[in-house]
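Remarks on the structure that follows.
The values are calculated or read from the model by the stated rules, or taken from the named source; none is laboratory data. No experiment lies behind these values; they were computed from the predicted model shown. Positions of Cβ are generated from backbone atoms using ideal geometry, with glycine treated the same way; all protein chains shown enter the neighbour counts. Accessible surface areas use protein heavy atoms only, side chains included; no ligands, DNA or RNA. Shrake-Rupley method; radii C 1.70, N 1.55, O 1.52, S 1.80 Å.
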Amino acid sequence: MFRVLHPKKDSYRYFIQGKTYQHWVDPRTQALKYHSDQVMDEFRIEVKGDQNPLKLYVLKSSGELVDTREFSFLPAKQNNLKVVIASCMDDQFPEVQKIMWNHVWEKNPDALFLIGDNVYADAHLDVLTHKKIKPGDGEAYRALITPKNLEGRYIQTRQDLLNFRMKKLIPTFSVWDDHDYGSNNGGEDFAYKSEVTKFFTQFFPVENLGKSFAEKGPGVSSVIRFSKVDVFLLDDRSFRTSQTHFGKEQSEWLFQNLNPKKLSVLVSGDQWFGGYHKFESFEGNQPEDFKNFLQKLKSKKAKVFFVSGDRHLTEIMKVAKKHTGFKTFEVTTSGIHANMYPGAFKRDPSPNQLIGVDGEFNFSTFTFHSGPSGKSVKSIEVESQGKDKVLFRKTLKITR
Ligand SMILES: [Fe+2]
């Protein structure tokens, strides 16, 4: 599925060309809610046989060529699935983003996951509205947080972020955290929840693409099923209260969909095992719910691996056997281009940390190795990429 944002004054047609496949596509054009000068085109294609690599041509109805891109379909079997996971992409870092997104594309991943703070919707509203009001100005700034302005920030970010401008398209899956949600550290009671859910799913599709591949869950959650790995993108905002992180409905959906034969990568915007610091985390904010959640995971005998963003630092934490019934890990990777805070681990030492780096822009590449028999994932290679160098590389053995 493709989504293309463009000015309403032009109408676009698309031409797709594979090895033997050629097809014109007329998209379904969706209006935006508040910004009538822009529209979002949507179209899906299905091809027979191996057509990789394919080319996408974007043309105006007058016939003028606007853009060309390349893309490939995922191969059916992925014995060494390679994905990039990134979070916290503040659009006010134009120079850093050039370097970081080029690094992402150099890794040549099979898929890309954007796991929260993909849009700093509630930030930089002064820039959007050209008002001299700063986030520190309290009520005056909060008055700028309106559905119209939040949608404005989705548009602005979509136009600014370079991952949407790369010549080769990478299949991309997303979930939100608080800034995409439009409410810093926000939860279930956010006033514009239903409106912003529409913006998010319009700009970052969360869709049913067939039961064997991608399925939508409660809120903006989804599961993406690769041949050896299921990635659960969990919604840590829509159902969040002081008692619960994911809410009953979403947790049940997750437990029902866990497949003990595969590795389940559980992704949340904020940290899972983050009880060691004062910032947001499942363990720190809803400790009772967290305990019950782990108990349930343990009883399901699921083979799980935790991933998170949000912290504006990167680390690998060991998750002891007592929590999930076997030894596993949590990898935190954040932010690809955002404010970074050197000394974070000095201020809040992370007791179960295997390795970690603060103060450096980062994203992570995960390669899931399923061994010579190719049956199940045996190890995960994690590479944390910084702006000027690789920050660390670790191979994590998964023994369940
Ligand atoms: Fe962030």
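Let me know the charge dipole size of the chain about its Cα centre in debye, to the nearest 20, where only the beta-carbon of Lys, Arg (+1) and Asp, Glu (-1) is charged.
Values: 59 positive and 49 negative charges, 350 e Å.
The calculated dipole for the chain is roughly 1680 debye.
At 1.4 Å probe size, with the rest of the protein present, what percent of the exposed accessible area of the chain is carbon and sulfur atoms? Provide the component values of the computation, followed by the final result.
On the way: 8890 of 17600 Å².
Carbon with sulfur: 50 percent of the solvent-accessible area.
Considering only 196, 39, 66, give the residue with the highest GNM mean-square fluctuation for the chain, with springs between Cα atoms whenever their separation is below 10 Å.
Sorting by GNM fluctuation, first place goes to 66.
Once fully extended, how much extra length lies between residue 9 and residue 256, figured as 0.36 nm per residue of separation less the alpha-carbon to alpha-carbon distance?
Working: separation 247, 0.36 × 247 = 88.92 nm, distance 4.59 nm.
Gain on stretching residue 9 to residue 256: 84.3 nm.
Express as a percent, rounded to the nearest 5, the fraction of DSSP beta bridges in the chain (both residues included) that run antiparallel. Before the final figure, lay out the partial values.
Numbers: 64 of 88 bridges.
Antiparallel: roughly 75 percent of the beta bridges in the chain.
Given a 10 angstrom Cα cut-off, can you work out which residue in 182, 217, 335 is the most mobile in a GNM of the chain?
Looking only at 182, 217, 335, the largest GNM fluctuation is found for 217.
How many nm is it between the label spots at residue 159 and residue 185, if each spot is 7 Å from the Cα in line with the beta carbon?
Simple spin-label model gives 3.3 nm for this pair.
Expressed in nm², what is the orientationally averaged projection area of the convex hull enclosing the Cα positions of region 236-307? Write down the numbers at each step before the final one.
Working: hull surface 18.1 nm².
That works out to 4.5 nm².
Under the definition of Cα pairs under 8 Å and six or more residues apart, what whole-number percent is the relative contact order of region 28-135?
Numbers: 96 pairs, mean separation 19.2, N = 108.
With pairs under 8 Å counted, the relative contact order is 18 percent.
Radius of gyration and Dmax for region 59-106's Cα atoms, expressed in Å?
Here Rg and the maximum Cα pair distance are 16.3, 45 Å.
Can you tell me the accessible area per residue over the chain, all protein chains present, probe 1.4 angstrom, in square angstrom? Intermediate values should be presented prior to the final figure.
Numbers: 17600 Å² over 400 residues.
Computed with neighbouring chains in place, this is 44 Å² per residue.
Which of rounded, prolate, oblate describes the chain, given a ≥ b ≥ c as roots of the alpha-carbon gyration tensor eigenvalues and a/c under 1.5 marking rounded, otherwise prolate only if a/b is larger than b/c?
Values: a/c = 1.58, a/b = 1.16, b/c = 1.36.
It is oblate, given that a/c is not under 1.5 and a/b is not larger than b/c.
Quickly rank 222-232, 283-293, 105-115, 133-143 as a protection proxy: mean count of other C-beta atoms within 10 Å, highest first.
Values: 222-232: 21.4, 283-293: 17.0, 105-115: 19.0, 133-143: 12.1.
My ranking of the peptides, most packed first, is 222-232, 105-115, 283-293, 133-143.
What 222 nm value per residue comes from the helices of the chain, counting each DSSP H run with n ≥ 4 as -39,500 (n - 2.57) and dividing by all residues, nearest 500 deg cm²/dmol? Let's see the in-between values first.
Values: 11 runs with 87 residues, N = 400.
Estimated from H runs of four or more residues: -6000 deg cm²/dmol.
Find how much the distance from residue 207 to residue 61 grows on full extension, using 0.36 nm per residue of separation minus their present alpha carbon separation; answer in nm with one decimal.
Details: separation 146, 0.36 × 146 = 52.56 nm, distance 2.80 nm.
Length difference between fully extended and current span is 49.8 nm.
Quick one: Debye curve from the alpha-carbon atoms of region 2-71 only, equal weights, vacuum; give me log10 I(q)/I(0) at q = 0.17, 0.26 Å⁻¹ to two decimals.
-0.63, -1.19
Using label points projected 7 Å from each Cα along Cα→Cβ, tell me how many nm separate residue 70 and residue 321, to one decimal.
4.8
Would you please give the residues with an amide H less than 5 Å from that of residue 352, counting only those at least 5 places away or on a separate chain, with H modeled from the backbone geometry?
none
What's the ranking of 387-394, 151-158 by average number of surrounding C-beta atoms within 10 Å, highest first?
Details: 387-394: 13.9, 151-158: 21.1.
Sorting 387-394, 151-158 by mean packing, highest first, produces 151-158, 387-394.
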